[in-house]
Amino acid sequence: MSLFAAVEMAPRDPILGLNEQFNADTNPKKVNLGVGVYYDENGKLPLLRCVAEAERQMLEAPKARGYLPIDGIAAYDLAVQGLVFGADSEVVKGKRVATVQALGGTGGLKIGADFLKRLNPSARVLISDPSWENHRALFTNAGFQVGTYAYYDAENRGIKAEAMLADLQEAKAGTVVVLHACCHNPTGYDLTPAQWTQVVEVVKARGLVPFLDMAYQGFGEGIAEDGAVIQQFLAAGLDFFVSTSFSKSFSLYGERVGALSVVCASSEEAGRVLSQLKIVIRTNYSNPPTHGAQVVATVLSTPALRSLWEEELAGMRTRIRAMREALVTELKAAGVEQDLSFVTRQKGMFSYSGLNATQMQRLRGEFGIYGVDSGRICVAALNPGNLKAVAAAMAAVIK
Ligand code: PMP
């Protein structure tokens with residue numbers, strides 16, 4: 001008998017499966033709103049000018065590619081700390097943060113999960129209901145029992161903040177709570193600063209372990225605004241985890257550039273934590289790759305490139321907002337009477353459109369418009385060329 005005779009076929013990733021279905025669709029008017037990727041107004045994946053310029057500079061002075069340190073490029077880790085916590089923040093200056101370069105935001109989450117499992121093997125993990133698909137899978141595969149805290153309020157198109165706080169209040173000390181720092185995936189609904197204050201209070205009072213997933217900094221309100229939640233956790237004097245992704249904010253999806261930062265009580269403690277994070281990395285993939293992190297470090301630490309990046313990021317953010325407004329306007333024009341203005345209150349790349357699975361399947365089958373069955377659509381894949389057709393199709397299935 002073959003060694004693999006008993007291996008079962010694993011289920012397809014639901015969103016990547018949707019992509020395969022999209023690619024096989026022969027409808028010339030098909031639109032892919034299932035992806036978690038920002039496309040520009042021409043429906044193209046952008047190569048940011050700041051990235052192209054950093055790469056040009058890097059090519060002018062080509063470097064040999066030795067192994068990086070286990071925790072990555074030092075200048076990159078510092079740049080991440082500056083962006084996430086503020087270069088002049090007390091935690092950064094006091095070297096209380098252990099930061100490691102990671103393989104995208106996913107890599108940052110996984111390093112954190114593996115470290116947490118060693119630290120507290122019996123801890124439970126709570127994710128939002130619903131959450132990014134991979135949160136549950138990733139923490140489950142790291143050996144944790146994963147539960148949920150209340151989040152999406154389908155009836156009122158928002159967040160069940162009271163129920164969320166009550167769930168956190170009930171969690172045992174040491175429970176790891178995964179929180180979306182901004183631009184909640186998949187719903188698009190973020191907590192207000194006042195609601196964050198309440199979350200921070202409960203987390204502190206109950207002795208929970210906050211793990212902030214920051215995959216979209218700059219896509220919501222702005223770099224500082226989206227990062228403001230970090231300042232709330234710092235001000236409360238908590239120890240916490242932050243995973244960072246530059247996949248979207250630099251349009252560097254395939255380079256796998258991210259990080260994990262762990263805020264500790266002292267620099268001495270951060271040193272010990274860093275040594276453990278390095279073991280996790282060393283025993284998984286030894287050390288990270290060079291190119292993407294060098295690009296990001298160059299952009300973030302070169303003033304002219306940094307302002308260009310901020311401008312380009314603002315451009316992406318503004319375009320998404322304009323598409324939200326335009327979608328609501330077009331739906332109204334297409335005869336939808338329901339109030340869909342909630343779409344403009346949502347933040348980031350995604351919108352929980354409120355459409356049910358049957359309506360989403362009709363969008364695919366009858367109109368070649370691909371979104372997720374949960375009703376999630378990627379607003380960042382809308383553009384002036386496909387907007388009217390998408391609105392007309394949505395209107396047809398809503399009515
Ligand atoms: N967290 C969330 C909430 C995400 O939406 C994503 C990307 N879809 C990630 C993490 C992972 O980002 P990366 O592609 O950088 O691994």
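None of the figures in this text is laboratory data; all of them are computed from the coordinates on show. This one's a predicted model, so the numbers in the text were calculated from it and none came from an experiment. Note that each Cβ is placed from the backbone with ideal geometry, even for glycine, and that neighbours are counted across all protein chains shown.
Starting from the Cα gyration tensor of region 126-192, take the square roots of the eigenvalues, sort them a ≥ b ≥ c, and report rounded, prolate or oblate (rounded when a/c is under 1.5, otherwise prolate if a/b is larger than b/c, else oblate). Oblate.
The orientation-averaged projection of the convex hull spanning the C-alpha atoms of region 14-70 amounts to 7.4 square nanometres.
Step through the table entries LYS44/LYS160; LYS63/LYS248; LYS63/LYS117; LYS29/LYS332; LYS63/LYS95, compare each Cα-Cα distance with 31 Å, and write down the pairs that go over it. Over 31 Å apart, Cα to Cα: LYS44/LYS160; LYS63/LYS117. Here THR283 and LEU47 are evaluated by their C-beta separation; at R0 = 30 Å the FRET efficiency comes out at 0.30. Length available on full extension from ALA87 to ALA74: 0.36 nm per residue minus the Cα-Cα distance, which gives 3.3 nm. Toward the positive end of the charge dipole of region 1-133, with +1 on the Cβ of Lys and Arg and -1 on the Cβ of Asp and Glu, the farthest Cα among LEU48, LEU78, LEU59 is that of LEU78.
Starting from the Kirkwood Rh over alpha-carbon pairs, what translational D in µm² s⁻¹ does region 1-110 have by Stokes-Einstein at 4 °C and 1.567 mPa s? My calculation gives 67 µm²/s for D. Neighbour counting of Cβ atoms within 10 Å sorts the residues TRP132, TRP196, fewest neighbours leading, into TRP196, TRP132.
Across q = 0.09, 0.12 Å⁻¹, the chain modelled as identical point scatterers on its alpha-carbon atoms has Debye log10 I(q)/I(0) values of -0.56, -0.99, in the order of the q list.
Using the Cβ-Cβ distance between GLN231 and SER266 with R0 = 22 Å, the FRET efficiency computed as 1/(1 + (r/R0)^6) comes to roughly 0.65.
Across region 1-123, Cα pairs under 8 Å and at least six residues apart give a relative contact order of 12 percent.
The mean sequence distance of close C-alpha pairs (under 8 Å, at least 6 residues apart), as a share of the length of the chain, puts its relative contact order at 26 percent. Going by neighbour counts of Cβ atoms within 10 Å, the residues ASP77, ASP339 line up, fewest first, as ASP339, ASP77.
Please work out whether region 244-355 counts as rounded, prolate or oblate from its C-alpha gyration tensor, where a ≥ b ≥ c are the square roots of the eigenvalues and a/c under 1.5 means rounded, while otherwise a/b larger than b/c means prolate and anything else oblate? Prolate, because a/c is 1.5 or more and a/b exceeds b/c. A straight line joining the Cα centroids of region 121-167 and region 234-283 runs 21 Å.
Normalised by 2.2 N^0.38 Å, where N is the number of residues, the alpha-carbon radius of gyration of region 66-180 equals 1.25. Spin-label model, GLU133 to LEU3: label points 7 Å out along the Cα-to-beta-carbon direction sit 3.0 nm apart.
Counted over all Cα-Cα pairs of region 196-306, pairs farther apart than 24 Å make up 36 percent. Summary value for region 51-163: 16 percent relative contact order, contacts being C-alpha pairs under 8 angstrom separated by 6+ residues. Modelled spin labels at VAL37 and GLN361, positioned 7 Å past Cα toward Cβ, are 2.7 nm from each other.
What does the helix-only formula give at 222 nm for the chain: each DSSP H stretch with n ≥ 4 adding -39500 (n - 2.57), the total divided by the residues, and the result rounded to the nearest 500 deg cm²/dmol? Let's see the in-between values first.
Working: 15 runs with 186 residues, N = 399.
Dividing the helical sum by the residues of the chain leaves -14500 deg cm²/dmol.
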